[in-house]
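Notes follow the structure.
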Amino acid sequence: MQLPEQRYYSPEEYLEFEVNSEEKHEYMDGQVILQVSEIPNHNTVVGNFGANLLMALKRQSYQVFMLRQRLWIPQKRMYVYPDVMAIADQLEYAEGRRDTLINPVLIAEVLSKSTKSYDRDEKFAAYRTIPNFQEYILIDQYKIHVEQYYKTDNNKWIFSEYEDANLLLNLSSIPCQVLLGDM
């Protein structure tokens, strides 16, 4: 399925196209952008980080989603597919949808050379408009390097950086620790 010429698309047009597409596309305020296929290393890092979350949060009131779960960011009019996201308590859906979430507390993106600026800048700015959003993890897929951003009670964001495979990443928004060497 192929989109017609470059033009403005309504959210409804995007969703109609996207649910029937074999490829993933993100939506940014009228523009539809094809998401590049993930490479094996990217998928491995997503799977390892997601599996750590799944195991740590087993039998707790959290749900973890990887790769194919759509997120709506109303204030920025964006539909995106975070690599990993965790949601506390009940799932909240975009209005009129049962396939699009709106309330993650944690989002993780695995960085590639082509998306790292977008993930650090535009996506992070958009994610910060989500009321429930508390923590952002950026994982380099080519070397051990993790950036952690978490929101404090007074709405400030704290940044930490890790580059040692023997260090534990202590997540602040969910009860979980991940050994960097396990990513």
Residue check for Gln63: under 30 Å from Ser173 (Cα atoms), at pLDDT 95 or above and polar (S, T, N, Q): yes
Tally up the residues in region 12-27 that are among the aromatic types (Phe, Trp, Tyr) and assigned to a helix (DSSP H, G or I), please. 2
Scan region 51-59 and tell me whether some residue there is on the phi > 0 side of the Ramachandran plot, open to solvent by 60 Å² or more (accessible area, probe 1.4 Å), free of Cβ contacts under 8 Å to residues at least 40 places away in the same chain and more than 16 Å from the chain's Cα centre (by Cα). yes
Which residue pairs have Cβ atoms closer than 7 Å, lie 6 or more positions apart in sequence or on different chains, and pair a first residue in region 1-15 that is modelled with pLDDT under 55 with a second residue that is exposed (fewer than 10 other Cβ atoms within 10 Å of the Cβ) and part of a loop (DSSP other than H, G, I, E, B)? Met1/Asn20
Look at region 20-40 and say how many of its residues are under 23 Å from Tyr142 (Cβ atoms) and among the acidic types (Asp, Glu). 2
Picked from region 128-167 (must be farther than 25 Å from Glu92 by Cβ, among the hydrophobic types (A, V, I, L, M, F, W, C) and touching a Leu at 6+ places or on another chain (Cβ under 7 Å)), the residue surrounded by the most Cβ atoms within 10 Å (Cβ to Cβ) is Ile139
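Is at least one residue of region 115-125 assigned to a loop (DSSP other than H, G, I, E, B), open to solvent by less than 40 Å² (accessible area, probe 1.4 Å) and within 21 Å of Gly181 (Cα to Cα)? I'd like the intermediate steps shown before the answer.
Within region 115-125, the subset assigned to a loop (DSSP other than H, G, I, E, B) is 115.
Cutting the leftovers down to open to solvent by less than 40 Å² (accessible area, probe 1.4 Å) gives us 115.
Filter once more, keeping what is within 21 Å of Gly181 (Cα to Cα): none.
The answer is no, given that none of the residues of region 115-125 is assigned to a loop (DSSP other than H, G, I, E, B), open to solvent by less than 40 Å² (accessible area, probe 1.4 Å) and within 21 Å of Gly181 (Cα to Cα).
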For region 10-25, indicate whether the set of residues that are under 17 Å from the mean Cα position of the chain (by Cα) and surrounded by 12 or more Cβ atoms within 10 Å (Cβ to Cβ) is non-empty. yes
Looking at Leu53, Leu91, Leu71, which one is closer than 20 Å to Gln134 by Cβ, part of a strand (DSSP E or B) and not acidic (Asp, Glu)? Leu71
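Say we look at region 84-110 and pick out the residues that are within 14 Å of the chain's Cα centre (by Cα) and open to solvent by 10 Å² or more (accessible area, probe 1.4 Å); which of these is farthest from Gln60 (Cα to Cα)? Full working, then the answer.
Step one: of region 84-110, the residues within 14 Å of the chain's Cα centre (by Cα) are 84-87, 100-110.
Filter once more, so that each one left must be open to solvent by 10 Å² or more (accessible area, probe 1.4 Å): 102, 105.
On the way: Ile102: 20, Val105: 14 Å.
Checked region 84-110; the qualifying residue farthest from Gln60 (Cα to Cα) is Ile102.
The values are calculated or read from the model by the stated rules, or taken from the named source; none is laboratory data. Everything numeric here is computed off the predicted structure, so don't read it as measured data. Because the Cβ atoms are built from the backbone with ideal geometry, glycine has one as well, and the counts that use them run over all protein chains shown. Note: areas computed on protein heavy atoms with side chains; ligands, DNA, RNA excluded. Shrake-Rupley method; radii C 1.70, N 1.55, O 1.52, S 1.80 Å.
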